[in-house]
Amino acid sequence: MKILPLVSLGALALAISACSPTDTSADDTAATAPAEGDVSGDMDTAAGETPAYTMASEPAEELQLIKLDCGTIYVSDLNIFSVEGDYAGQTDTFTDTCWLLRHPDGDLLWDLGLPGELVEAGEQTQDVFSVSLDKTISDQLIEMGLGMSDVEMVAISHSHFDHVGQAGDLDPATTWLVNEAEYGFMFPEAGAEGDDQAESQFPAFEGLTRETIGDNHDVFGDGSVIIIETPGHTPGHSSLLVNLPETGPVLLTGDLYHREESREGERVPAFNFDVEQTRASIAEFEARAEELGARVIIQHEPADTNDLPDVMR
Ligand SMILES: [Zn+2]
């Protein structure tokens, strides 16, 4: 079996070991500050105010949500997925899902999965993770009669290895909608020690047209698809609100949760960038889900992702 150098997987291990609560104060400010390109400032909230969770307008009649299989992750010890230590010794198999949103005004790809090279290389194991991939996003789009060049926009929930893997397959004309804080996390400003290494981690994103966004970014300007900041897992971690015409509101969690048990028990991974910020994001996310009556889909949870229709409307 070919051994694939999982550079970004190693980066995650590095991030886990480097995790420190003292890193986070400067980024807290960045993560909550309104950013340029935030076109729905009405949903911004100041500290202490009750957030308004209203939708901007009617759902788009033709909007479709399509799940893509972006791999499988077997975790041989779940200990790092709960700061409480109560997952030690447990194992689990995560789905890795990406999502195509088809809107009359364009297509958005949400998350980029595991590296496409895994299809040829076969399952790879590093630390507690064994990862595999049956089919690339590109090949799944071809089966739908589409290509990567049909994807006008891309956004990632966050920059961990299992969400950015196929960025190299994007068409250079694709617009990358990136949370300002996450961009700063991925590409630290030049000059500081160690930055050379950090800057080289995401070369596939460097050629894309970039649009920096903040909280509550209304992708198509009609309230049908909204990227919301849920920071803590990483500084600019985001979730996706999709207002489908038939299904109703759907919330894709990103990695706010990895499994149903994590949501039920409000468990926070030990490798999160900021544990307290994650708890605040969970509280806000759940309030929004309840207010909207939204269907919550945990992207790594097989129970949430395995039995969906081919196309959600
Ligand atoms: Zn993930």
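The values are calculated or read from the model by the stated rules, or taken from the named source; none is laboratory data. In this text the structure is predicted, and so the values were computed from the model without any measurement. Every residue, glycine as well, gets a Cβ built from its backbone with ideal geometry; the counts of neighbours run over all protein chains shown. All accessible areas refer to the heavy atoms of the entire protein, side chains included, with ligands and DNA or RNA removed. Shrake-Rupley method; radii C 1.70, N 1.55, O 1.52, S 1.80 Å.
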Exercise. Just grab the label-to-label distance for Val311 and Met144, each label 7 Å out from Cα along the Cβ direction, in nm (one decimal).
Key: 0.9
Self-check item: Under the Karplus curve 6.51 cos²θ - 1.76 cosθ + 1.60, θ = phi - 60°, whole-Hz ³J(HN,Hα) for region 94-108, x wherever Gly or Pro sits
Solution: 9, 7, 10, 10, 10, 9, 9, 9, 9, 10, x, 8, x, 10, 10
Quiz item: Rounded to the nearest whole Å², what accessible area per residue is found for region 56-107 with the 1.4 Å probe?
Solution: 41
Quiz item: Just the C-alpha atoms of region 115-235: what Rg/Rh do they give, with Rh taken as the Kirkwood radius?
Solution: 0.98
Quiz item: Could you work out Rg/(2.2 N^0.38 Å) for region 231-313, with Rg from alpha carbons only?
Solution: 1.09
Self-check item: Under Karplus coefficients 6.51, -1.76 and 1.60, residue-wise ³J(HN,Hα) of region 291-303 in Hz, glycine/proline x
Solution: 4, 8, x, 7, 7, 9, 10, 7, 5, 9, 9, x, 5
Practice problem: Counting only heavy atoms of the protein chains, get the accessible area per residue of region 230-304 (1.4 Å probe) and round it to a whole Å² value. | Solution: 31
